[in-house]
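Undergrad: Questions regarding the structure given below will be posed in turn.
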Amino acid sequence: MKKTLGNILETKKDLAEKKRREEVRERIVYATTSESSEVLHKLGTSIDGLSEDQADYFRDRFGGNQVTHGKKDSLPTRLAKAFINPFTLILFVLALISVFTDIVWASAGEADPIAVIIIMTMVLVSGVLRFVQETKSGHAAENLLKMIKTTTNVRRKETGDQEIPLDEVVVGDIVQLAAGDMIPADMRIISAKDLFISQSALTGESEAVEKSSQSLQGKIDALTELSNIAFMGSNVISGTAMGVVVATGADTIFGEMAKGVTTEPVMTSFEKGINSVSWVLIRFMLWMVPIVLFINGFTKGNWVEASLFALSVAVGLTPEMLPMIVTTCLAKGAVAMSREKTIIKNLNSIQNLGSINILCTDKTGTLTQDKVILQYHLNIHGQEDLRVLRHAFLNSHYQTGLKNLMDKAIINRTMEEQVGAEELRGIEDKFIKVDEIPFDFERRRMSVVVSNGKTQMITKGAVEEMLSVCTYAEFQGEVQHLTDDIRAYILQKVDDLNDDGMRVIAVAQKTNPSPVGAFSVADESDMVLMGYLAFLDPPKESTADAIKALREHGVRVKILTGDNDKVTRCVCRQVNLPVDQILLGSDLDSMSDEVLGRVAEEVSVFAKLSPQQKARVITVLRNNGNSVGYMGDGINDAAAMKASDVGISVDTAVDISKESASVILLEKDLMVLEKGLIEGRKTYANMIKYIKMTASSNFGNMFSVLVASAFLPFIPMLPLQIIMLNLIYDLSCTAIPWDNVDREFLDVPRKWDASSIGKFMLWIGPTSSVFDITTYLLMYFFICPQFVSDGLLFTQIQQGDIVQSGMFAGMNMKVAYIALFQAGWFVESMWTQTLVIHMIRTPKIPFIQSRASATLTLLTFAGIGLLTYIPFTSLGTKLGLAPLPSSYFPWLFLTVFLYMVLVTVFKKLFVRLYGELL
């Protein structure tokens with residue numbers, strides 16, 4: 001068999017790809033089995049990092065650090081998806097039939113391409129509209145994601161250690177890692193201290209694995225099990241490390257996995273609900289079309305005409321614009337929220353954000369200013385002591401992990417004190433760092449070991465945890481055993497500071513703890529407590545107003561913090577958050593989930609919680625039927641975010657926190673979140689409007705078509721008329737994403753409920769059928785006989801009868817009768833179908849108590865005006881419509897008025913029965 005040029009090129013591409021993968025694997029295997037110095041030499045880099053020129057060269061040689069998540073649809077594919085759907089396929093079939101009936105099989109000189117032109121114009125308009133809107137929505141989502149910057153600490157020769165965006169990392173870069181960091185690429189660990197990494201994104205294993213710098217020997221089975229390689233997509237749980245990048249972007253294990261993933265992401269309950277509505281309507285259509293076909297075929301005798309009518313009914317009942325309008329609503333909402341400093345990572349999270357009725361949040365930086373100030377550095381007796389500050393500075397300065405706000409406050413205060421304190425001057429140059437034991441959330445402390453002639457371990461951390469590792473205390477000018485009395489004295493001093501809203505940590509030291517290079521958590525024992533550091537993090541001025549605004553919008557705020565209860569109570573009091581009871585982490589451990597679920601509903605403040613306890617509180621609240629959001633920015637918040645319905649982080653958060661969140665705030669402020677939440681509810685409101693309008697309108701049309709098919713002696717509306725009506729109505733609906741939303745709707749959390757759509761469809765849908773039937777009766781028994789057949793009904797007209805006088809003089813009487821009838825229903829259908837948009841968008845009285853946006857009002861009334869005018873034009877004649885007499889319009893206005901009254905009555909009954917309209 002001959003190979004085509006395409007086959008040959010594809011084969012060469014596959015071979016090149018295979019060769020590249022083998023080279024990357026060899027590079028990783030060499031890195032893991034060789035000493036770190038050999039790896040650096042092999043890669044052409046050094047411990048000082050790359051120069052900018054080298055970085056550019058390595059980027060060209062090994063590629064950038066971008067990961068392709070599955071295959072992105074090409075332009076032709078996106079165009080095809082916009083045009084290939086049930087709606088356009090039916091139109092193509094109708095166009096094809098029209099080509100034969102109106103052109104190919106037409107008599108000489110009677111070929112008329114107008115039907116084909118109209119149908120293909122509709123295909124073009126609907127396809128282009130969908131393509132443009134979905135492209136704009138996709139670009140909006142991509143641009144929003146670009147606003148979220150994740151960086152990593154890279155060493156470059158010209159600038160030293162610096163933060164650069166993840167996608168600028170290249171092979172050979174020296175990267176510094178600390179707790180909370182995302183691993184930017186596949187890296188060989190050069191040095192590490194108590195480094196634990198979560199590889200759950202790669203392996204699915206929830207347990208963190210320890211990594212070290214030791215080279216490995218022997219057979220390599222699975223790359224993810226290599227203990228000296230940190231892989232892209234994983235994150236640092238605790239510890240610190242330095243590594244050299246050996247693979248980037250698509251060459252990484254994560255990149256290889258992501259590239260192979262072409263399946264769609266797991267659908268949310270909202271997406272499933274949208275699809276279920278679409279399929280309910282499509283299933284109705286699939287049942288209706290054969291019924292309509294057979295009824296019209298048997299009663300009218302013309303099976304070709306019956307088939308065309310049945311296909312046109314299928315067009316009218318297909319919710320073809322539903323995906324486009326939902327996508328537009330989401331994209332428009334996301335862009336509006338970005339203006340309010342709220343970035344949506346996943347468009348479907350908008351609905352979840354609007355449904356929140358409980359917001360759980362950390363205290364620091366959310367209620368408070370996130371500007372921690374070291375207020376006091378005290379000895380055990382509560383007196384200012386520079387020795388305490390000096391030791392705290394050495395701990396904060398020399399630790400290489402994640403420097404938090406307290407570390408920065410300690411360093412800043414020391415720099416200020418150096419001016420007048422000789423013993424602090426140049427302190428950073430007087431000591432040599434020997435080792436460190438990084439912070440973790442179980443120990444809640446961290447240690448560094450320094451030397452300036454003598455070796456000293458300095459530890460700082462939460463007071464209770466520090467007391468657990470101290471055997472001695474500097475009490476009354478000397479080192480004494482830490483007795484129960486001294487312990488009680490210390491705790492009382494700390495409580496006094498906590499009552500003033502101070503966050504307190506303790507500082508301890510230990511001289512000559514153990515041999516160099518062998519320091520571990522076990523060495524944090526028999527320490528000497530020196531004193532305390534008291535920090536002030538004042539509440540934000542906007543917090544009290546934000547909590548009040550959230551409460552007014554149906555959102556209860558709960559504080560989940562690792563801080564102690566006294567500081568938390570003081571801050572809550574300052575921001576007017578009621579604190580009748582505080583639940584501590586220690587209390588949670590003794591409670592079953594059932595008991596905790598009941599207690600968590602009543603308690604607003606939880607203190608001294610571990611990350612797992614935060615996640616547990618959120619889980620039990622969700623199990624109670626609440627929609628729970630969690631807002632945080634630390635590594636200890638990642639688990640809580642994943643457990644919540646909506647994880648909310650800030651742009652300045654640690655990497656893993658931003659990765660876990662679905663909503664990113666560009667400003668850490670509850671007021672910003674409140675604005676974003678309202679935008680989320682507006683977006684949901686406009687989506688649910690269209691969904692319910694489409695469902696009820698289509699359901700009502702089914703009844704109308706069945707009645708017309710069963711009782712009328714002719715087709716009630718021609719295929720082209722139905723298609724034209726459907727297109728202009730759908731164009732009117734494209735303004736719904738920009739509609740106004742009633743303030744009352746925004747005051748309550750809104751949860752997706754697919755069952756309410758079914759109820760709405762059954763209640764509101766048939767109301768339009770009532771007035772479709774009255775229009776049939778009016779046109780058939782009064783208007784048409786009066787203006788066409790001199791009082792005769794259609795069945796009484798002879799086949800060749802001609803209209804003798806009036807506006808239809810000279811026309812075949814049956815043709816004129818049908819054209820006038822169809823024009824009457826054509827216009828009435830547009831009026832009722834379009835005005836129902838204004839009726840359903842609000843439970844209030846439309847135009848009086850609640851007005852639609854100017855865009856929606858203009859577009860809907862322009863649609864009504866255009867459709868009403870068409871029967872009087874040459875286009876109307878081509879469509880088979882006749883001009884309507886002036887006496888028709890008072891009946892039309894009466895019909896529309898009574899229809900609006902009936903819908904209003906049914907709306908009120910629906911709200912009374914089910915609590916809400918939308």
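The values are calculated or read from the model by the stated rules, or taken from the named source; none is laboratory data. Just so it is clear, the model here is predicted, and its values are computed rather than measured. Cβ coordinates were reconstructed from backbone atoms using ideal geometry, including for glycine residues, and neighbour counts include every protein chain displayed. Surface areas here come from the heavy atoms of the whole protein model, side chains and all, with no ligands, DNA or RNA. Shrake-Rupley method; radii C 1.70, N 1.55, O 1.52, S 1.80 Å.
Undergrad: Which condition from (1) touching a helix residue (DSSP H, G or I) at 6+ places or on another chain (Cβ under 8 Å); (2) surrounded by fewer than 20 Cβ atoms within 10 Å (Cβ to Cβ); (3) part of a strand (DSSP E or B) is the one that A549 breaks?
TA: Evaluating A549 over (1) touching a helix residue (DSSP H, G or I) at 6+ places or on another chain (Cβ under 8 Å); (2) surrounded by fewer than 20 Cβ atoms within 10 Å (Cβ to Cβ); (3) part of a strand (DSSP E or B) leaves (3) as the failure.
Undergrad: State the number of residues belonging to segment 431-447 that are in a loop (DSSP other than H, G, I, E, B) and more than 16 Å from R390 (Cβ to Cβ).
TA: Summing the residues that are in a loop (DSSP other than H, G, I, E, B) and more than 16 Å from R390 (Cβ to Cβ) in segment 431-447 gives 4.
Undergrad: Look at segment 562-585 and say how many of its residues are over 21 Å from V494 (Cβ atoms) and open to solvent by less than 20 Å² (accessible area, probe 1.4 Å).
TA: Here is the first cut: in segment 562-585, the ones over 21 Å from V494 (Cβ atoms) are 575-578, 580-581.
Within this subset, residues satisfying the condition of being open to solvent by less than 20 Å² (accessible area, probe 1.4 Å) are 575, 577.
Looking only at that region, the number is 2.
Undergrad: Would you please name the residue that is most open to solvent (accessible area, probe 1.4 Å), looking only at residues in segment 869-897 that are farther than 25 Å from P719 by Cβ and touching a helix residue (DSSP H, G or I) at 6+ places or on another chain (Cβ under 7 Å)?
TA: By that ranking, first place goes to W891.
Undergrad: Also, I was wondering about something else. Of everything in segment 877-893, what is closer than 20 Å to Q786 by Cβ and under 46 Å from the mean Cα position of the chain (by Cα)? Give them in sequence order. Write out each step before concluding.
TA: Here is the first cut: in segment 877-893, the residues closer than 20 Å to Q786 by Cβ are 881-893.
The answer is L892, F893.
Undergrad: Quick check: anything in segment 67-88 surrounded by 15 or more Cβ atoms within 10 Å (Cβ to Cβ), at pLDDT 75 or above and on the phi > 0 side of the Ramachandran plot?
TA: Looking for residues that are surrounded by 15 or more Cβ atoms within 10 Å (Cβ to Cβ), at pLDDT 75 or above and on the phi > 0 side of the Ramachandran plot, one finds none in segment 67-88, hence no.
Undergrad: Can you tell me which residue in segment 769-813 is surrounded by the most Cβ atoms within 10 Å (Cβ to Cβ), limited to those that are among the aliphatic types (A, V, I, L, M) and at pLDDT 85 or above?
TA: So the residue we want is M779.
Per-residue answers, yes or no, for (1) out of contact with any Leu (no Cβ under 6 Å at 6 or more places or on another chain); (2) at pLDDT 90 or above; (3) open to solvent by 80 Å² or more (accessible area, probe 1.4 Å):
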| residue | (1), (2), (3) |
| --- | --- |
| N412 | yes, no, yes |
| E422 | yes, no, yes |
| E436 | yes, no, no |
| R443 | yes, no, no |
| K454 | yes, no, yes |
| I458 | no, yes, no |
| H481 | yes, yes, yes |
| A488 | yes, yes, no |
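Undergrad: Here is a further query. Quick one: which strands (runs of 3 or more DSSP E) sit completely within segment 448-507 and have at least 1 residues that are without any contact (Cβ under 8 Å) to a residue 40 or more places away in the chain and acidic (D, E)?
TA: Those strands (runs of 3 or more DSSP E) span 478-481.
Undergrad: Considering only residues that are out of contact with any helix residue (DSSP H, G or I) (no Cβ under 6 Å at 6 or more places or on another chain) and more than 22 Å from T832 (Cα to Cα), look in segment 733-752 and name the one that is surrounded by the most Cβ atoms within 10 Å (Cβ to Cβ).
TA: Ranking the candidates gives D742 first.
Undergrad: Any residue that is farther than 10 Å from T342 by Cβ, touching a residue at least 24 places away in the same chain (Cβ under 8 Å) and not in a helix (DSSP H, G or I) - is there at least one of those in segment 663-683?
TA: Yes, because at least one residue in segment 663-683 is farther than 10 Å from T342 by Cβ, touching a residue at least 24 places away in the same chain (Cβ under 8 Å) and not in a helix (DSSP H, G or I).
Undergrad: Has segment 162-179 got at least one residue that is of a type in the set (D, E, K, R), outside any loop (DSSP other than H, G, I, E, B), at pLDDT 85 or above and open to solvent by less than 30 Å² (accessible area, probe 1.4 Å)?
TA: no
Undergrad: Something else: Can you tell me how many residues within segment 738-779 are of a type in the set (D, E, K, R), in a helix (DSSP H, G or I) and farther than 30 Å from A708 by Cα?
TA: 2
Undergrad: Out of curiosity, is R681 among the basic types (K, R) and surrounded by 24 or more Cβ atoms within 10 Å (Cβ to Cβ)?
TA: So R681 passes the test.
Undergrad: Tell me, yes or no, whether segment 306-318 has at least one residue that is β-branched (V, I, T), at pLDDT below 70 and surrounded by 14 or more Cβ atoms within 10 Å (Cβ to Cβ). Break it down into steps so the answer makes sense when it comes.
TA: In the first step, residues of segment 306-318 are kept if they are β-branched (V, I, T); the result is 313, 315, 318.
Pick out the ones that are also at pLDDT below 70 and you get 315, 318.
Narrowing the set further to residues that are surrounded by 14 or more Cβ atoms within 10 Å (Cβ to Cβ) leaves 315, 318.
Yes, segment 306-318 contains a residue that is β-branched (V, I, T), at pLDDT below 70 and surrounded by 14 or more Cβ atoms within 10 Å (Cβ to Cβ).
Undergrad: Answer yes or no as to whether R21 is open to solvent by 50 Å² or more (accessible area, probe 1.4 Å), closer than 15 Å to T252 by Cβ and in contact with a helix residue (DSSP H, G or I) (Cβ under 9 Å, 6 or more places away or on another chain).
TA: Spelling it out, R21 is indeed open to solvent by 50 Å² or more (accessible area, probe 1.4 Å), closer than 15 Å to T252 by Cβ and in contact with a helix residue (DSSP H, G or I) (Cβ under 9 Å, 6 or more places away or on another chain).
Undergrad: Quick one: which residue in A185, A192 is under 25 Å from Y30 (Cβ atoms) and open to solvent by 20 Å² or more (accessible area, probe 1.4 Å)? Show your work before the answer.
TA: Working: A185 fails: open to solvent by 20 Å² or more (accessible area, probe 1.4 Å).
From the options A185, A192, the qualifying one is A192.
Undergrad: Being surrounded by 15 or more Cβ atoms within 10 Å (Cβ to Cβ) and part of a strand (DSSP E or B): is that true of L529 here?
TA: Against the criterion (surrounded by 15 or more Cβ atoms within 10 Å (Cβ to Cβ) and part of a strand (DSSP E or B)), L529 qualifies.
Undergrad: Still on this structure, I have one more. Scan (1) open to solvent by less than 50 Å² (accessible area, probe 1.4 Å); (2) in contact with a Phe, Trp or Tyr (Cβ under 8 Å, 6 or more places away or on another chain); (3) among the aliphatic types (A, V, I, L, M); (4) at pLDDT 80 or above for the single condition L386 breaks and write down its number.
TA: Result: L386 fails condition (2) only.
Undergrad: I need a count of the residues in segment 680-735 that are touching a Gly at 6+ places or on another chain (Cβ under 6 Å) and closer than 19 Å to G880 by Cβ.
TA: Adding up the residues that qualify gives 4.
Undergrad: Does I618 fit the bill of being at pLDDT 80 or above, over 30 Å from D742 (Cα atoms) and not in a helix (DSSP H, G or I)?
TA: Taking the combined requirement at face value, the residue does not satisfy it.
Undergrad: Follow-up question, since we're still on this one. State yes or no: is L330 modelled with pLDDT under 70 and more than 30 Å from R573 (Cβ to Cβ)?
TA: Judged against the criteria, L330 is not a match.
Undergrad: Answer with yes or no whether I656 is part of a helix (DSSP H, G or I), at pLDDT below 80 and within 30 Å of the chain's Cα centre (by Cα).
TA: Yes: the conditions hold for I656.
Undergrad: Hey, another quick one. For I28, indicate whether it is at pLDDT 75 or above and under 19 Å from G249 (Cα atoms).
TA: Criteria met by I28.
Undergrad: Mind checking which residues of segment 769-794 are among the aromatic types (F, W, Y) and free of Cβ contacts under 8 Å to residues at least 12 places away in the same chain? Let's see the steps before the verdict.
TA: The first filter runs over segment 769-794 and keeps only residues among the aromatic types (F, W, Y), leaving 771, 776, 780-782, 787, 794.
F782 - this is the single residue of segment 769-794 that is among the aromatic types (F, W, Y) and free of Cβ contacts under 8 Å to residues at least 12 places away in the same chain.
Undergrad: Still on this model: Can N701 be described as of a type outside the set (A, V, I, L, M, F, W, C), open to solvent by 20 Å² or more (accessible area, probe 1.4 Å) and in contact with a Lys or Arg (Cβ under 8 Å, 6 or more places away or on another chain)?
TA: So N701 fails the test.
Undergrad: While we're on this one: Could you list, in sequence order, all residues of segment 586-615 that are open to solvent by 30 Å² or more (accessible area, probe 1.4 Å), in a helix (DSSP H, G or I), farther than 22 Å from S660 by Cα and not hydroxyl-bearing (S, T, Y)?
TA: Hits for segment 586-615 are D587, D593, E594, V595, R598, V599, E601, E602.
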